[in-house]
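The values are calculated or read from the model by the stated rules, or taken from the named source; none is laboratory data. Everything quoted here is computed from the prediction, not taken from an experiment. Please note: Cβ atoms are built from the backbone with ideal geometry, for glycine as well, and neighbour counts cover all protein chains shown. When the accessible area is computed, the model is the full protein with side chains, heavy atoms only, and any ligands, DNA or RNA have been set aside. Shrake-Rupley method; radii C 1.70, N 1.55, O 1.52, S 1.80 Å.
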Amino acid sequence: MAAGKREARDLVNGPIASSLLLFAIPTLASNVLQSLNGSINAIWVGRFLGAQALAATANANITMFLMFSIVFGFGMASTVVIAQAAGRGDMDAARRSFGSATGFCTILGIVVAAAGWAFSPAMLRLLGTPVEAFDMALVYLRVIFIAMPATLISVMMMMGLRGAGDARTPLIFMFVSVIIDLVLNPLFILGLGPIPAMGIGGSAAATAVAGIVSLLGLVVYVYVKDLPLRLRGRELGYLVPAPDQLRILLGKGLPMGLQMIVMSAVGLMIIGLVNREGFIVTAAYGAAQQIWTYLQMPAMAMGAAVSAMAAQNIGANRWDRIGRITAYGLGYLLLITGAMIGIILLFHAPLLSLFLGDNRAAIDAAWNMQLLATWSFLLFGSTMILFGVMRANGVVVRPLIILVITLFGVRLGFYYFAYPYLGADALWLSFPVSSGSSFLIAGITYLLGGWRKAKLLVPVHEEECRESVNAESEPAGRFAPAG
């Protein structure tokens with residue numbers, strides 16, 4: 001067995017329960033690492049450079065999140081195509097999709113880097129960035145834009161590898177990126193020896209260097225280990241995006257990216273409503289949000305794992321396994337998120353004190369929010385699992401419509417209707433009301449089964465199929481399940 005084959009997990013023939021869990025854990029760990037890295041970097045900036053610098057990074061990060069939302073959509077579209085191709089044993093089609101997605105993100109990254117550098121001032125003014133933080137935000141944002149091509153390529157490659165059943169390699173290089181970033185951040189901010197103090201630009205430069213080094217390491221690793229998605233010889237031509245692949249990336253990727261943007265837009269509106277309740281409630285909500293960020297991670301990780309596993313099985317025409325994949329995904333989600341909610345509620349006082357100190361009024365307000373809203377993440381996570389399974393067959397518009405209806409219509413509608421009677425509690429109760437509505441509609445959509453009739457795969461000609469089968473018979477290139 002070639003070294004590269006051990007990196008991929010058998011998501012088609014292996015036991016569903018253990019394969020799904022062991023596939024999801026590295027993705028969850030990657031998400032946790034990324035969030036911890038962001039939190040620690042914010043601490044460095046806040047402690048060393050002050051509140052203005054922290055505000056600068058916050059304003060710059062809003063712009064970056066919008067870009068990553070779109071790239072996430074393209075990545076998920078590519079992941080599903082790769083997973084379906086891998087499931088049916090057609091690694092040539094998987095490499096074709098991987099190459100097109102990587103090439104497309106390279107072009108996109110270069111365009112975004114150039115445009116971002118030129119239009120950074122206009123974007124920050126559009127966001128209403130405070131004058132005190134504007135110059136620092138501009139420096140930070142422009143340095144981040146310089147590293148944009150490497151960042152987007154890295155994200156796309158990691159998502160593609162997960163589609164092929166390899167969640168371990170992305171975790172390794174996420175860890176590499178985080179360690180480098182954590183070490184270089186204070187070093188570049190403050191300077192040491194021949195390294196000059198770069199202030200806010202140093203924080204962005206540290207993140208940029210970490211991303212570039214991690215990407216280079218990932219590319220070398222893919223070829224050294226001969227992973228299934230490596231491109232050689234004529235396959236390097238796949239880096240030129242093919243029209244049929246671009247249709248899938250844009251047609252399926254944009255709706256998935258919009259899902260992230262819809263959730264973010266509603267989040268921004270909620271923050272505006274929270275701010276009306278005064279400083280104490282705003283501070284309490286900030287603390288609760290820090291905790292809720294980690295509660296969302298099992299949903300995102302398990303949803304991605306279920307989507308990749310379901311896509312491989314759909315590609316292999318193993319529809320008999322899809323129901324069990326969904327059931328195990330829901331079970332693991334409820335178990336993990338339920339345990340986290342129990343711990344958060346049991347130890348709410350010390351956890352909230354990390355963010356709120358000894359401000360008893362703010363802690364009490366945050367505790368009330370948690371009692372009313374925290375359990376809604378069970379419903380949110382369950383909805384993400386159902387969306388992930390439907391996404392595995394290329395169904396992306398229906399989930400987007402469900403989110404728009406339940407987040408804008410139900411959540412905000414409930415708030416405005418109930419606020420005269422419940423006050424601020426209407427905000428916190430709007431979370432389970434909208435999450436419950438999303439889960440109910442998603443469940444009905446899933447059970448009706450119309451999503452099973454969708455078609456995502458790029459048509460493969462018979463001659464291409466024969467060539468692919470012959471190519472896959474070579475030991476160095478064959479996609480084989482892990483033992």
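Listed values, structure above:
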quantity	calculated
Region 239-382 shape via C-alpha gyration tensor axes, a/c threshold 1.5	oblate
Region 57-126, accessible surface, carbon-and-sulfur percent (1.4 angstrom probe)	79 percent
Spin-label pair Ile107/Leu250, simplified geometry with 7 Å Cα→Cβ offset, distance in nm	1.0 nm
Measure of compaction for region 79-182 (Cα Rg per 2.2 N^0.38 Å)	1.36
Segment Ile343-Ser264, extension gain: residue separation times 0.36 nm, minus the distance between their alpha carbons	25.8 nm
Positive-end extreme of charge dipole, region 256-405 - chosen from Ile322, Ile363, Ser382 (charges on Cβ)	Ile322
Value of relative contact order over the chain, rounded to a whole percent, pairs C-alpha under 8 Å and six or more apart	24 percent
Which of Val220, Val131 is most accessible, then next, and so on - probe 1.4 Å	Val131, Val220
Base-10 log of normalised Debye intensity for region 320-378 (one unit scatterer per alpha-carbon) at q = 0.14, 0.22, 0.30 Å⁻¹	-0.50, -0.84, -1.15
Net charge, Ala442 excluded, C-beta distance under 12 Å - Lys, Arg +1, Asp, Glu -1	+2
Per residue solvent-accessible surface (Å²) - the chain, probe of 1.4 Å	42 Å²
Share of carbon and sulfur in the accessible heavy-atom surface of region 234-355 [1.4 Å probe, %]	71 percent
Trypsin sites (Lys or Arg not before Pro) within region 173-258, DSSP loop, no more than 12 other Cβ atoms inside 10 Å	Arg232
Evaluated at q = 0.07, 0.12 Å⁻¹: base-10 log I(q)/I(0), Debye formula over Cα of the chain	-0.38, -1.13
Arg88 long-range amide H proximity, modeled H, under 5 Å	Ala316
Using θ = phi - 60° and Karplus 6.51 cos²θ - 1.76 cosθ + 1.60, couplings along region 168-180 (whole Hz; Gly, Pro as x)	6, 4, x, 5, 4, 7, 5, 4, 4, 4, 5, 4, 4
Note, ³J(HN,Hα) from phi for region 234-251, Karplus 6.51, -1.76, 1.60, rounded to Hz, x at Gly and Pro	4, 5, 4, x, 5, 5, 7, x, 7, x, 5, 5, 5, 4, 6, 4, 7, x
Note, ³J(HN,Hα) from phi for region 269-280, Karplus 6.51, -1.76, 1.60, rounded to Hz, x at Gly and Pro	5, 4, 4, x, 5, 5, 4, 5, 8, x, 4, 4
